[in-house]
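The values are calculated or read from the model by the stated rules, or taken from the named source; none is laboratory data. Note that the structure is a prediction, hence the values are computed from the model and not measured. For neighbour counting, all protein chains shown are included, and Cβ atoms are generated from backbone atoms with ideal geometry for every residue, glycine included. Heads up: the accessible areas ignore ligands, DNA and RNA and are worked out on the full protein's heavy atoms, side chains in. Shrake-Rupley method; radii C 1.70, N 1.55, O 1.52, S 1.80 Å.
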Amino acid sequence: MKARIKFSKTGSMRFIGHLDVMRYFQKAFRRGHIPVSYSQGYSPHQLMSFTSPLGIGLSSDAEYMDIELDECPEPESMVERMNQTMNEEIRVKDFLLLPEDAKPSMAMLAACDYLIAGKPDHMSQFQDIGKTQKLLEGLLSQEEILIRKKTKRSEKVVNIRLNIYCASTSREVFERHTGGSYASLSIDQKEYPPILYCQLTAGSVVNIKPELLMEALCREAGIEYDPLAYQIHRLEMYGDQYGKKGEVHLLNGEAPCLLVPLSKYR
Amino acid sequence: MRKLALRDEILLKIEKPARYIGNEINMVVKDPEQVDIRFAMCFPDVYEIGMSHLGIQILYDMFNQREDVYCERVYSPWVDLDQIMRKEGIPLFALESQDPVRDFDFLGITLQYEMCYTNILQILDLSQIPLKAADRTREHPFVIGGGPCSYNPEPIADFFDMFYIGEGETVYGQLLDTYKEWKASGRERVEYLKQAAQIPGIYVPQFYDPEYYPDGTLKSFAPNIPEAPEHVVKQVELDMSDTFYPEKPLVPYIKVTQDRVVLEIQRGCIRGCRFCQAGMLYRPIRPRGLEFLKKRAIQMLESTGQDEISLSSLSSSDYKELQELVYWLINEFTDKGINISLPSLRIDAFSLDVMSKIQDVRKSSLTFAPEAGSQRMRDMINKGLTEEAILGGAKEAFRGGWNRVKLYFMLGLPGETWEDIEGIAVLSDKIAREYYTIPKEERNGKVQIVTSTSIFVPKPFTPFQWSRMNSMEEAEEKRNFLLDKVRSQRHGRSIKYNCHDADVSVLEGVFARGDRRLCDVILQAYRSGCFYDSWNEFFHYSRWQKAFADHGLTMEFYIGRERGEDELFPWDFIDIGVTKEFLLREYHNAQEEKTTPNCRAQCSGCGAARFGGGVCMEVRTNESQD
Ligand code: SF4
């Protein structure tokens, strides 16, 4: 039996790496007597896979994980049961039983929403929302936004303009575009004042990190990009209902695209 | 949101930030404003090592059961963070509240090995607490040491306000109650120390003065105030089944050295190996009840979600109900995906049966600790493991499918000859030969033997406390000799030989039997940049050499001489129950290669019976003799 879990990760838990989050869940499942299935063999492990886990330091209201269950007598009470064994900074937000033929969420991931906020101990150059919005509009009006993208193996210059589906300093505008509601988040918005919201291409073929957009915006503003000055907070992950394998949706592209939050995607 | 002591920027810059954020599952949360006593419990090494220590978990649980106490944890910041904290003047903080340690009432430091001594100074320094107890005021926490190294606290005496000698379960309550009274009274710092000194097991170094002969040996060691007792008696928990033991141990996020639930089945050991300090310090052996252990096993696995449980004791095979306990654990837990690990088991039919049930035979290895290569030497150290038993056990195991063996030995035991050393290679080879006596079809590939040696370090409160330790040069020579001998064995290529570094062991030996004059040496070494000495990459032997020379002391004095039988030792003021007469008798027995029976076979009158518990009070039956 397959299921998908959506969870948040904030505060001090931002500093727990992906492998340790996995270990955390393994123990939480055992504490909560969640009947997760085990692999066979001498050192059996729980069957679980994470969807594009965050790097250290980032926070999130929408992390996803697929698990295999032996049984699931009361799906309605699962969120509550799991949260009884969780700490305050990693909370299960949604639990969804999947049809047996459901594809793993990682394979379906097409886009993510992020909030980029200022850090408490850094004076932000983007405090003035009006000014930031102008800068952002200036940036988005360009045909090409060229950014040096580093991967483990190579480094190349890419144009990220068509991977920015939406970006705005206004939460309302962003919500209207994405259909999300981001007024109350697990990140403290007084301490981490929002700078902008964005929806970017994500997935195993092309994955645009929000840091790249921030870097481009800094260039636009004529200031140096300091990665330690911003808190990135993930708001949602989407699958593309019409997406085909290996295909990447581009802004205003011809192929139809319907982004659905992974927690609603079957 | 939970407050963190370190800014995001710092946490993102350093290795493993999870070491410093706390908030682990089962962490105790209290309002610091609502308690009378804030206790910082410190293991002076990196988080992964400190979090693996059972003793701290027991005390953490015990302290926090008191409503008026909030006990929090502190570990040594790793070198990367250390640098940042010094540069920015960030005070060392406790993981729970993330508050500075200097604002606590107590800083308890557990002393598990000598090579952590400079790390103690790092902890005090980063906490911004004066390094020497004499320089502290009412504003500073009381710094209290405990654990095995506190049985010779003298080399670090200046840095501590007091030491707790013995097991924490007994008089901490009294110590804390007295503290509350003192705190309310507004009296001077020294007044509390005077009261503490009268609590059994508490040693307050500043109330004692050592005097030395011109040759550097101790002339006298006596209290300088009437309140301080002449002898400090070790504290022993007698009822091991009705005492503190955590039901909800902490669960770290990052992988730590002992990433499992630990069940201490007994404390102490009946064996009486003459090199082993723990075997003497924790006399008499006191088993915990089977039902108590079962209950805790269930509770701990339930509350942590850990996937492994390990039994802990000095010699698990001597726990009388071991079979019952182990088969119960297997029945109860293995089908729930929980691993069971059983260190320190004698290899016999029972342990082989159990091991084949709980691990993959092909991937696991057998462990023997003969400690010495010849029967003569094993009799000297009173290690009752015979060659026959080793070869017999190995053969059984090889038949059962095992093909890997780990062997542990010591080099530099008193009275060791070249022949004894060669015996290590010969015994390793005999085990390999044993493997090839079984038919080829039944073998599981080639045999793999890993032979490791450590350098023997004489410890206080052992029959070898009078013995000379090998110099670095001697140890090196012996190592090379043995390596040569291993290579020339018939199955030399199946034997891998590992050995410890001699320079660290030498210093360990010096601290183990050192005196108060070493405090300034340690202080200087620390000031010249020594810490994390137990980590090879940070060990600077030359700085240590300089520190000794600058203080007109030699390491030779502490380790390089056979000590006189009437010499007064710096640790003689501590009474561990086991008498100096008994240790001396055992020292002589060693010289005569005479063995001494274990406590269950026959009481040897070591002195620990005065505590009135454990094995000393057991009725001896014939079947318990082996
Ligand atoms: S008094 Fe006897 S039984 Fe008790 S610990 Fe000593 S030798 Fe063993």
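Descriptive notes on the structure:
- Restraint check, B:LYS383/B:LYS580; A:LYS9/A:LYS152; A:LYS134/A:LYS245; A:LYS9/B:LYS30; B:LYS295/B:LYS459, Cα-Cα greater than 28 Å: A:LYS134/A:LYS245; B:LYS295/B:LYS459
- Förster radius 30 Å - calculated FRET efficiency between A:HIS33 and A:ASN207 (Cβ-Cβ, nearest 0.05): 0.25
- Minimum 10 Å² accessible area buried by the other protein chains, the stretch A:5-26 residues, probe 1.4 Å, relative to alone: A:GLY11, A:SER12, A:MET13, A:ARG14, A:PHE15, A:ILE16, A:ASP20, A:ARG23, A:TYR24
- For chain B, taking a cut-off of 4.7 Å between Cβ atoms, the unpaired cysteines are B:CYS42, B:CYS71, B:CYS116, B:CYS149, B:CYS269, B:CYS499, B:CYS519, B:CYS530, B:CYS599, B:CYS603, B:CYS606, B:CYS616.
- Using a Förster distance of 45 Å, the FRET efficiency for B:LYS446-A:GLN84 (Cβ separation, nearest 0.05): 0.30
- Filtered trypsin sites (Lys or Arg not before Pro), the stretch B:362-449: DSSP coil and at most 16 other beta carbons within 10 Å: B:ARG362, B:LYS363, B:ARG443, B:LYS446
- Estimated FRET transfer efficiency when R0 is 41 angstrom, pair B:ILE225-B:ASP31 (beta carbons, to 0.05): 0.60
- Label positions at B:TYR327 and B:ARG493, each projected 7 Å from the Cα along the C-beta direction, are separated by 4.5 nm.
- Of the solvent-accessible surface of chain A, computed with a 1.4 Å probe and all protein chains present, 50% belongs to carbon and sulfur.
- The GluC sites (Glu not before Pro) of the stretch B:226-295 that DSSP puts in a loop, and whose beta carbon has at most 10 other beta carbons within 10 Å, are B:GLU230.
- Label sites at B:ASP501 and B:GLU537, each approximated as a point 7 angstrom past Cα along Cα to Cβ, lie 1.2 nm apart.
- In sequence order, the stretch A:136-151 has phi-based couplings of 4, 4, x, 5, 6, 6, 6, 6, 10, 10, 8, 9, 7, 10, 9, 10 Hz under the Karplus curve 6.51 cos²θ - 1.76 cosθ + 1.60, θ = phi - 60°, and Gly or Pro positions carry x.
- Gyration tensor (alpha-carbon) shape descriptor, the stretch B:52-105, a/c threshold 1.5: oblate
- Surface accessible to a 1.4 Å probe, per residue, for the residues of the stretch B:493-543, Å²: 41 Å²
- Shape summary: the stretch A:108-261 maps onto an equivalent ellipsoid whose semi-axes, from the alpha-carbon gyration tensor, are 24, 19, 15 Å in decreasing order.
- For peptide B:16-23, the mean count of partner chain Cβ atoms within 10 Å of a residue's Cβ comes to 5.
- Accessible area per residue in Å² at 1.4 Å probe, computed on the stretch A:2-102: 39 Å²
- Taking chain A as a Gaussian network of alpha-carbon nodes connected by springs under 10 Å, the highest mean-square fluctuation of the residues A:LEU162, A:LEU136, A:LEU19 belongs to A:LEU19.
- In chain B the Cα-Cα distances spread across 10 Å bins starting at 0 as 3, 15, 25, 28, 20, 8, 1, 0 percent of all pairs.
- Radius of gyration and Dmax over the Cα atoms of the stretch B:8-233, both given in Å: 17.6, 57
- Straight-line cross-link partners of A:LYS119 among the lysines, defined as a Cα under 16 Å from its Cα and at least 8 positions apart when in the same chain: A:LYS190, B:LYS3, B:LYS13.
- Helix-only [θ]222 nm of chain B, DSSP H runs n ≥ 4, -39500 (n - 2.57) each, per residue, nearest 500: -10000 deg cm²/dmol
- With θ taken as phi - 60° and the Karplus curve 6.51 cos²θ - 1.76 cosθ + 1.60 applied, the whole-hertz 3J(HN,Hα) list for the stretch A:175-183 is 4, 4, 5, 8, x, x, 10, 10, 5 Hz, x standing for glycine and proline.
- For chain A, leaving out every one of the GluC sites (Glu not before Pro) that falls in a DSSP loop and has at most 14 other Cβ atoms within 10 Å, the longest unbroken run is A:1-70.
- B:PHE350-B:ARG620 pseudo-label distance in nm [points 7 Å out on the Cα-to-Cβ vector]: 2.0 nm
- For the stretch B:453-498 versus the stretch A:131-156, the spacing of their alpha-carbon centroids is 63 Å.
- Pairwise centroid distance, computed over Cα atoms, of the stretch A:1-67 with the stretch A:201-225, Å: 27 Å
- Put the Cα centre of the stretch B:75-146 next to the Cα centre of the stretch B:318-381 and the gap is 39 Å.
- With the convex hull of its Cα atoms as the shape, the protein assembly as shown has an orientation-averaged projected area of 41.6 nm².
- Accessible area that becomes buried as A packs against B, both chains, 1.4 Å probe, Å², nearest 100: 2600 Å²
- Measuring nothing but protein heavy atoms, the accessible surface of chain B at 1.4 Å probe radius is 48 percent carbon and sulfur.
- Averaged per residue, the stretch B:375-484 has 39 square angstrom of accessible surface, using a 1.4 angstrom probe with ligands and nucleic acids left out.
- Loop trypsin sites (Lys or Arg not before Pro), the stretch B:249-315 (other Cβ atoms within 10 Å of the site Cβ: 13 or fewer; DSSP): B:LYS255
- Residues B:SER351, B:SER97, sorted by accessible area with the largest first, give B:SER97, B:SER351 [1.4 Å probe; ligands and nucleic acids excluded].
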